[in-house]
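Novice: Submitted below is the structure of interest, expressed as structure tokens.
The values are calculated or read from the model by the stated rules, or taken from the named source; none is laboratory data. Remember, predicted model here, so these are calculated numbers, not experimental data. Heads up, the Cβs are rebuilt from the backbone with ideal geometry, glycines too, and the neighbour counts pull from every protein chain shown.
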Amino acid sequence: METILFLAHTEADGTLGKAALETLGAAKTLSASLAGSTLVVGLVGAQTQSAANQIAACGATRFLSVAGADFSQARYASDILAIEALGKASAATIILGPASSRWNRVMAGAAQRLGGRIDTHATGIAAAEGKPAVTRWYYRQRMEGVLTRTQRPWIVLLETGCGAAWSGEPGTTSVEPLAITLPALHTTVTGIQAPAADAQTIRPDANLLFVAGAGWTKKQADGQAHADEAEKLILGFLVKAKASLGSTKSLVDLSGEGQAVLKFMTHLNQIGQTGATPRHPKGLATCCHGEEPHTVGWRFVNERRAINLNAACSWAQGKADVLYVADSFAVMRKVNELLAAK
Ligand SMILES: Cc1cc2nc3c(=O)[nH]c(=O)nc-3n(C[C@H](O)[C@H](O)[C@H](O)COP(=O)(O)OP(=O)(O)OC[C@H]3O[C@@H](n4cnc5c(N)ncnc54)[C@H](O)[C@@H]3O)c2cc1C
């Protein structure tokens, strides 16, 4: 009989975020498919009552919590004690958490303390032949592995965007607080320094992936390159549409060759065989030829459109749902105008 602990930390506003709710969805499904299993909730945060109320209807038998000012932000020394206490108090055999940066940092240490094993970057967990099994991708998402373990507790961190978030009516539930005695803490979290939302171009949760290809920096019909205007059009669109920015390898490699470049573009933006494989519902490729090493990175993007001057570009070979044979500069200028007017 498995005891499944859904283990989450609250967001700054005291609620549970999308990644946590997706993990709860997976925990619920797993619990429903493992006969005799129980679902327990474990929460960590400055205060956890709001988060517990948010998921009051999830069907958990217990709501455990470690709360207080010392648990408001990520800190290894305090988080690990909270997780250890929740793991022990729940007698969990399976601990499921979201693969947030906070949990990714501390959970392997917690597995060690609980005498368990951990699998990170899991994309799913489900019952197979009456046993829990974790799904994980290998070799840049070219192979999918399914793993089972006999060791308990088994800690699994689930990636975001791989399953439906749990949803239900909020309610009121009673929370069992656990008291933790913290050692002298050497780390004080004084705040978070993060780039402004507009400066951050990689947004995994965005609905749209906007890919810029090398064509943006190539000579145009007037015989000139227009990298400055390209930058303005692309950044203007990202800010208005809250899209995530992807790139081709050719474009990010240009910076090393001293050519006209888009300054905000780095290798982290690269999509494809030697780049990332994001999971946005929609994608728009601009000034990108759509060659296979690039488009393999689009395998999880469901609705694909491309803008290219060349009607015979690779997107036209069945790789896009819609190909606009047009000048990306002209199209994006107009799109930005329409978005600004909205
Ligand atoms: C082993 C290996 C791994 C690779 N891995 C990757 C990878 O991970 N990711 C990746 O992206 N590539 C990868 N590549 C490179 C890939 O094969 C292509 O070379 C690259 O994707 C081409 O980039 P591009 O489409 O931006 O540039 P180009 O091929 O130069 O295409 C530019 C396009 O812009 C269009 N264009 C120009 N001006 C305009 C305009 N005004 N309006 C509309 N369209 C315009 C042109 O018609 C052209 O189609 C890899 C290659 C190899 C060999």
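Novice: Mind checking which strands (runs of 3 or more DSSP E) fall wholly inside the range 65-143 and carry at least 3 residues that are over 18 Å from the mean Cα position of the chain (by Cα)?
Specialist: On the way: elements: 94-98, 117-128, 131-138.
Per the criteria, 117-128, 131-138.
Novice: Out of all the residues in the range 202-211, is one or more closer than 28 Å to residue 48 by Cβ and acidic (Asp, Glu)?
Specialist: Yes, some residue in the range 202-211 is closer than 28 Å to residue 48 by Cβ and acidic (Asp, Glu).
Novice: Follow-up question, since we're still on this one. Being at pLDDT 95 or above, among the hydrophobic types (A, V, I, L, M, F, W, C), within 9 Å of the ligand (Cβ to nearest atom) and within 29 Å of residue 163 (Cβ to Cβ), is that true of even one residue in the range 254-275?
Specialist: Within the range 254-275 (the criterion being at pLDDT 95 or above, among the hydrophobic types (A, V, I, L, M, F, W, C), within 9 Å of the ligand (Cβ to nearest atom) and within 29 Å of residue 163 (Cβ to Cβ)), the answer is yes, since at least one residue qualifies.
Novice: Those residues that are among the hydrophobic types (A, V, I, L, M, F, W, C), part of a loop (DSSP other than H, G, I, E, B) and surrounded by fewer than 22 Cβ atoms within 10 Å (Cβ to Cβ), I need them from the range 296-310; list them, please.
Specialist: Here is the first cut: in the range 296-310, the ones among the hydrophobic types (A, V, I, L, M, F, W, C) are 296, 298, 300-301, 306-307, 309.
Then drop every residue that is not part of a loop (DSSP other than H, G, I, E, B), which leaves 300-301, 309.
Within the range 296-310, 300, 309 qualify.
Novice: Given the residues 190, 201, which is the only one that is part of a loop (DSSP other than H, G, I, E, B) and exposed (fewer than 14 other Cβ atoms within 10 Å of the Cβ)? I'd like the intermediate steps shown before the answer.
Specialist: Values: 201 fails: exposed (fewer than 14 other Cβ atoms within 10 Å of the Cβ).
Step by step, each of 190, 201 is checked, and only 190 is part of a loop (DSSP other than H, G, I, E, B) and exposed (fewer than 14 other Cβ atoms within 10 Å of the Cβ).
Residue-wise test of (1) of a type in the set (Gly, Ala, Ser); (2) surrounded by fewer than 18 Cβ atoms within 10 Å (Cβ to Cβ); (3) at pLDDT 95 or above.
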| position | (1), (2), (3) |
| --- | --- |
| 91 | yes, yes, yes |
| 94 | no, no, yes |
| 97 | yes, no, yes |
| 101 | yes, yes, no |
| 113 | no, yes, yes |
| 117 | no, yes, yes |
| 124 | yes, no, yes |
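Novice: Out of everything in the range 159-180 that is at pLDDT 95 or above and among the hydroxyl-bearing types (Ser, Thr, Tyr), what residue ends up being farthest from residue 105 (Cα to Cα)?
Specialist: Within the range 159-180, the match that is farthest from residue 105 (Cα to Cα) is 172.
So that you can scan it fast, the table gives a plain yes or no per residue for (1) surrounded by fewer than 17 Cβ atoms within 10 Å (Cβ to Cβ); (2) farther than 17 Å from residue 245 by Cβ:
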{"position": "283", "(1), (2)": "no, no"}
{"position": "288", "(1), (2)": "no, no"}
{"position": "294", "(1), (2)": "no, no"}
{"position": "316", "(1), (2)": "yes, yes"}
{"position": "319", "(1), (2)": "no, yes"}
{"position": "326", "(1), (2)": "yes, yes"}
{"position": "330", "(1), (2)": "yes, yes"}
{"position": "337", "(1), (2)": "yes, yes"}
{"position": "341", "(1), (2)": "yes, yes"}
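Novice: Out of 95, 83, 118, I need the residue that is touching a residue at least 40 places away in the same chain (Cβ under 8 Å), under 20 Å from residue 30 (Cα atoms) and among the β-branched types (Val, Ile, Thr). Which one? Working first, answer last.
Specialist: Details: 83 fails: under 20 Å from residue 30 (Cα atoms); 118 fails: touching a residue at least 40 places away in the same chain (Cβ under 8 Å).
Every option except 95 fails the conditions.
Novice: Let me ask something else. In the range 303-318, how many are more than 8 Å from the ligand (Cβ to nearest atom) and touching a strand residue (DSSP E or B) at 6+ places or on another chain (Cβ under 7 Å)?
Specialist: Result for the range 303-318: 7.
Novice: On to the next question. Quick check, is residue 234 surrounded by 18 or more Cβ atoms within 10 Å (Cβ to Cβ), within 12 Å of the ligand (Cβ to nearest atom) and among the β-branched types (Val, Ile, Thr)? So that I can check it myself, show each step before the final result.
Specialist: Details: surrounded by 18 or more Cβ atoms within 10 Å (Cβ to Cβ): yes; within 12 Å of the ligand (Cβ to nearest atom): no; among the β-branched types (Val, Ile, Thr): yes.
When the stated conditions are applied, residue 234 does not pass them.
Novice: Among (1) in a loop (DSSP other than H, G, I, E, B); (2) at pLDDT 95 or above; (3) not β-branched (Val, Ile, Thr), where does residue 209 come up short?
Specialist: (1)
Novice: Consider residue 289 against the criteria (1) under 19 Å from residue 230 (Cβ atoms); (2) touching a Leu at 6+ places or on another chain (Cβ under 7 Å); (3) touching a residue at least 40 places away in the same chain (Cβ under 8 Å): it satisfies all of them except one. Which criterion is unmet?
Specialist: (2)
Novice: Let me ask something else about it. If a residue has to be over 15 Å from residue 17 (Cα atoms), surrounded by fewer than 11 Cβ atoms within 10 Å (Cβ to Cβ) and not polar (S, T, N, Q) to count, how many in the range 146-187 make the cut?
Specialist: Residues that pass the stated criteria total 5.
Novice: Further, regarding this structure: Got at least one residue in the range 128-135 being in contact with a helix residue (DSSP H, G or I) (Cβ under 8 Å, 6 or more places away or on another chain) and surrounded by fewer than 18 Cβ atoms within 10 Å (Cβ to Cβ)?
Specialist: No, the range 128-135 contains no residue that is in contact with a helix residue (DSSP H, G or I) (Cβ under 8 Å, 6 or more places away or on another chain) and surrounded by fewer than 18 Cβ atoms within 10 Å (Cβ to Cβ).
Novice: Let me confirm something: among 29, 38, 23, which residue is within 20 Å of residue 152 (Cα to Cα), β-branched (Val, Ile, Thr) and over 23 Å from the mean Cα position of the chain (by Cα)? It would help to see each step written out before you state the result.
Specialist: On the way: 29 fails: over 23 Å from the mean Cα position of the chain (by Cα); 23 fails: over 23 Å from the mean Cα position of the chain (by Cα).
Just a single option satisfies the conditions, and that option is 38.
Novice: Surrounded by 17 or more Cβ atoms within 10 Å (Cβ to Cβ) and within 25 Å of residue 1 (Cβ to Cβ): which single residue out of 29, 61 fits that description? Give the steps one after another, and end with the answer.
Specialist: Details: 61 fails: surrounded by 17 or more Cβ atoms within 10 Å (Cβ to Cβ).
After applying the criteria, what remains is 29.
Novice: Another question, if that's okay. Looking only at residues in the range 136-145 that are basic (Lys, Arg) and surrounded by 13 or more Cβ atoms within 10 Å (Cβ to Cβ), which one is nearest to residue 98 (Cα to Cα)? Steps first, please.
Specialist: Residues of the range 136-145 that are basic (Lys, Arg), as a first pass: 136, 140, 142.
After this cut, where a residue has to be surrounded by 13 or more Cβ atoms within 10 Å (Cβ to Cβ) as well, the list is 136, 140.
Working: 136: 14, 140: 20 Å.
Restricting to residues being basic (Lys, Arg) and surrounded by 13 or more Cβ atoms within 10 Å (Cβ to Cβ), the top hit is 136.
Novice: What are the pairs, 6+ residues apart or on separate chains, where a residue within the range 293-312 that is within 17 Å of residue 162 (Cα to Cα) has its Cβ under 8 Å from a residue that is among the β-branched types (Val, Ile, Thr) and buried (at least 22 other Cβ atoms within 10 Å of the Cβ)?
Specialist: Qualifying pairs under 8 Å: 297/271; 298/271.
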